[in-house]
Each structure stands twice: as C-alpha cells, then as structure tokens.
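Below is one structure, written out as structure tokens; the observations come after it.
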Amino acid sequence: MGLNDIYVDGNKLYLAMHNGVYLMQDTTLTQMVKGPYVNHIISIKDKLLFCTREGVFDQQSQLLLPYNIECGYYDELSDKLWLGGYENGLHIVTLSDNNTITSDEFVDLTANAQPQNPIRSICPYDDETMLIGIDGEGVYQMRRDGRGSCSLLFDANESEVGVLHGNGIYSIVVDTWKNIVIGSYSGGS
C-alpha cells in the first residue's frame, strides 16, 4: 500500500492511499472513498476534498473535477482552490458552499513550464503571492488573487541560469521568516 498524504482532524487520521481514502479513528480503519489513487487531501472550510489521478472528489465520493491532480491548496484569503495537475497545468477554482463549481480558470504558465510537467506543490508566500513548484521546471510565483501571469522565481534546469541543484521540485515550505525551503527529488533542499 502506498501512503501519499495524511490529514489530521482531532483524533481522526485521513489517509490518502493508492486505492482510495481511509479514515483511522482510534484503532478502527474504514475506507471512505474506494478506487482512485489519491495524491493529496485538502481541507476547505468544514469539508475535505481528495485530489486523485481520476479527478477531485468530495467526502461523499462525488466527482467535482475530472483532472489528474497532484496537489492543491485552499486559500482562505481569496476563497479560491488552487489545483496543480499532473499533466494539465494549474487551475484556480471557486466553489460554492455546497461544493458546486462556480468557476474553473486554467492558468497559462509562462516561460518553459508546459502543462505536461507535474505541479507538485502550491503554497502562499505572503498576502500577495503564491508559490507553485513544478517538477522539472522550478518554482514560479503568481499573485494570490489569481490575476496576471506566473513568473519564474527559481530555475531548476541544469544550466548556467539554473539556481537549484535538482529539477524534481516536490515540496515548498515558507517559514515564519519568509525563507523559502524547496525540497527536490535529486538535489535535496
């Protein structure tokens, strides 16, 4: 079994696995969503969304979006759901209170970031900027309101202009001092 993500809610552990979503409470393990390979769990308001290879599902196993999604981030400031696809790029989604999609905007990434490269990490930098980690490309920045275009912040290509020593960008974390920590597959952090 492959464990891809864990979401902790009090004494409940939600486990994103290769064959669905499991809930572990106390010593009981229950399968909540059966079937899809689940990459990531997103908490949005009082609900959970599951990013899978077959799309984005809610806790009732209802398919909300059909894209192969690697990662996501719900931004409380803008009330937007940022979704990073495996081969279909970046989507910024607005959901109503009952999980109905009111808008799904595809973001055309600039420079060399092609939609076929997996987006592995999305996180806020500050109140104005989001960071997007793209496997094989680097780290991009974009306005947090979703307007405008992306621009390359750190290049992951092994070239003269490449500043990262590994092109497999898998994780981005911003600490309390606004330092950006980038985890890469081949170059460490």
- Residues Glu87 and Asp127, FRET efficiency given R0 of 25 Å [Cβ-Cβ distance, rounded to 0.05]: 0.20
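Average the reciprocal distances over every distinct pair of alpha-carbons in the chain, invert the result, and give the Kirkwood radius in Å.
One decimal place: 17.0 Å for the Kirkwood radius.
Please list Thr102, Thr94, Thr176 from largest to smallest accessible area, probe radius 1.4 Å, with all protein chains kept in place. Present the calculation step by step, with values, prior to reporting the outcome.
On the way: Thr102 90, Thr94 30, Thr176 120 Å².
If we order Thr102, Thr94, Thr176 from most to least accessible, we get Thr176, Thr102, Thr94.
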- Restricting to lysines and to Cα separations under 29 Å from Lys12, and discarding same-chain partners fewer than 8 apart, the set is Lys34, Lys45, Lys47, Lys80
- Item | Bins of 5 Å, starting at 0 and running to the largest distance - Cα pair percent for the range 1-108 | 2, 13, 25, 25, 19, 10, 4, 1, 0, 0
- Message: I'd like the accessible area for Arg120: 1.4 Å probe, protein heavy atoms, all chains in place, Å² to the nearest 10.
- Response: 50
- Sorted by chain and number, the residues with a modelled amide H under 5 Å from that of Gln59, at a separation of 5 or more or across chains, are Leu48
- Note on the structure: Residue-normalised value, i.e. accessible area per residue, for the chain at 1.4 Å probe, in Å², stands at 51
- Item | With every protein chain in place, the chain: carbon and sulfur % of accessible area (1.4 Å) | 48
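Provide the gained length on full extension for the span Ser78 to Thr27, in nm with one decimal, where the gain is 0.36 nm per separating residue minus the Cα-Cα distance. Display every interim value, and only then the final one.
Working: separation 51, 0.36 × 51 = 18.36 nm, distance 3.76 nm.
Taking 0.36 nm per residue and subtracting the Cα distance, the gain is 14.6 nm.
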- Simple spin-label model, 7 Å along Cα-to-Cβ: Val181 to Asn11 in nm? 3.1
- Amide H partners (placed H, <5 Å) of Tyr170, local residues excluded: Gly183, Ser184, Tyr185
- By the scheme Lys and Arg +1, Asp and Glu -1, what is the net charge of all other residues having a beta-carbon under 14 Å from that of Ser43? -4
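If you place +1 on the Cβ of every Lys and Arg and -1 on the Cβ of every Asp and Glu, how big does the dipole about the Cα centre of the range 5-151 come out, in debye to the nearest 20?
Rounded to the nearest 20 debye, it is 300 debye.
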- Query: Looking at the range 2-83, which GluC sites (Glu not before Pro) are in a loop (DSSP not H, G, I, E or B) and have at most 11 other Cβ atoms within 10 Å?
  - Reply: Glu76
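The values are calculated or read from the model by the stated rules, or taken from the named source; none is laboratory data. What you are looking at is a predicted structure, and each value in this text was computed from that prediction instead of being measured. All Cβ positions, even for glycine, are placed from backbone atoms using ideal geometry, and neighbour counts span all protein chains on display. Keep in mind that these areas ignore ligands, DNA and RNA; they rest on the heavy atoms of the full protein, side chains included. Shrake-Rupley method; radii C 1.70, N 1.55, O 1.52, S 1.80 Å.
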